[in-house]
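J.: First the structure, which I've put down as structure tokens, then a few questions once you've had a look.
The values are calculated or read from the model by the stated rules, or taken from the named source; none is laboratory data. What you are looking at is a predicted structure, and each value in this text was computed from that prediction instead of being measured. So basically every Cβ, Gly included, is an ideal-geometry build from the backbone, and we count neighbours across all protein chains shown. With ligands, DNA and RNA removed, areas are computed over all heavy atoms of the protein, side chains included. Shrake-Rupley method; radii C 1.70, N 1.55, O 1.52, S 1.80 Å.
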Amino acid sequence: MTREPRRATGPEPEETPVVLPHAVITVTETGALNVTLDGTDVPPPEGEAWTRGTFGPLLDALTRDRTITVRIEVHESDGSVFTDVIRARRRTRPEPPDTQAETENKTEDDRETRVKSRSKRRPDLVEVTGEGFVPGEDVAAAVIVSHTDATSTGHARALLDRRRLRSLLSDGGGEVILFGRISGTIHVRRLS
């Protein structure tokens, strides 16, 4: 008896290239960064140099403002090597716009109810912060329910929905870890 192959059902995965663009960043003794993307030099903006301080804008340039996924390899001047994949941001699908006919048929009460129901869905956010991250690096928030980016000063900030956390943590409290995927920086914060 032969069985038909089982196929997964559900949403189609986002397109992922078979081969990721490969960026190699070499840190010099002076702190300047030499950058190539698929073997081609990536020049810094005119009149500037790529440095640790411009790492965030460099990642934006390499990922075309997070529209493509890129494999990053950082070669430090001490010989250590860090590798990471900087993912493109997930595309959010816009809500379908109301058609004109639907809008014309709605009463003031319908519109008011819709506004009230939206306000009920607002998240109950808690802020988790840390510092010491490489500017622009991908920072994981664990219990991994979210990711954020480090600012140009190396700080990270994640906004988490308390209701979502309560469903993950039985007592509604617990700890959250911020993990810098390039720097290895870890901050553990207690939720209250």
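J.: Report, by chain and number, residues whose modeled amide H sits under 5 Å from the one on E137, excluding near sequence neighbours (fewer than 5 apart, same chain).
T.: Hits under the 5 Å cutoff: A150.
J.: Oh, and also: Rounded to the nearest 0.05, what FRET efficiency do R71 and A32 give with R0 = 35 Å and r taken as the Cβ-Cβ distance? Could you check?
T.: Efficiency, rounded to the nearest 0.05: 0.95.
J.: Once the whole set of protein chains is in place, how much accessible area is left on F82, using a 1.4 Å probe, in Å² to the nearest 10?
T.: 80 Å²
J.: Could you give the length gained by full extension between L20 and R64, i.e. 0.36 nm per residue of separation minus their alpha carbon distance, to one decimal place?
T.: Extra length available between L20 and R64 comes to 14.5 nm.
J.: Sorting E137, E29, E73 by accessible area (1.4 Å probe), largest first, what list results?
T.: Sorted descending by solvent-accessible area, the residues read E29, E73, E137.
J.: Between V126 and E46, what FRET efficiency follows from the Cβ-Cβ distance if R0 is 41 Å, with the result rounded to 0.05?
T.: E between V126 and E46, to the nearest 0.05, is 0.45.
J.: Tabulate in residue order the Karplus-calculated ³J(HN,Hα) for segment 78-89, using 6.51 cos²θ - 1.76 cosθ + 1.60 with θ = phi - 60°, rounded to whole Hz; enter x for Gly and Pro.
T.: 7, x, 6, 10, 10, 10, 8, 10, 9, 7, 5, 5
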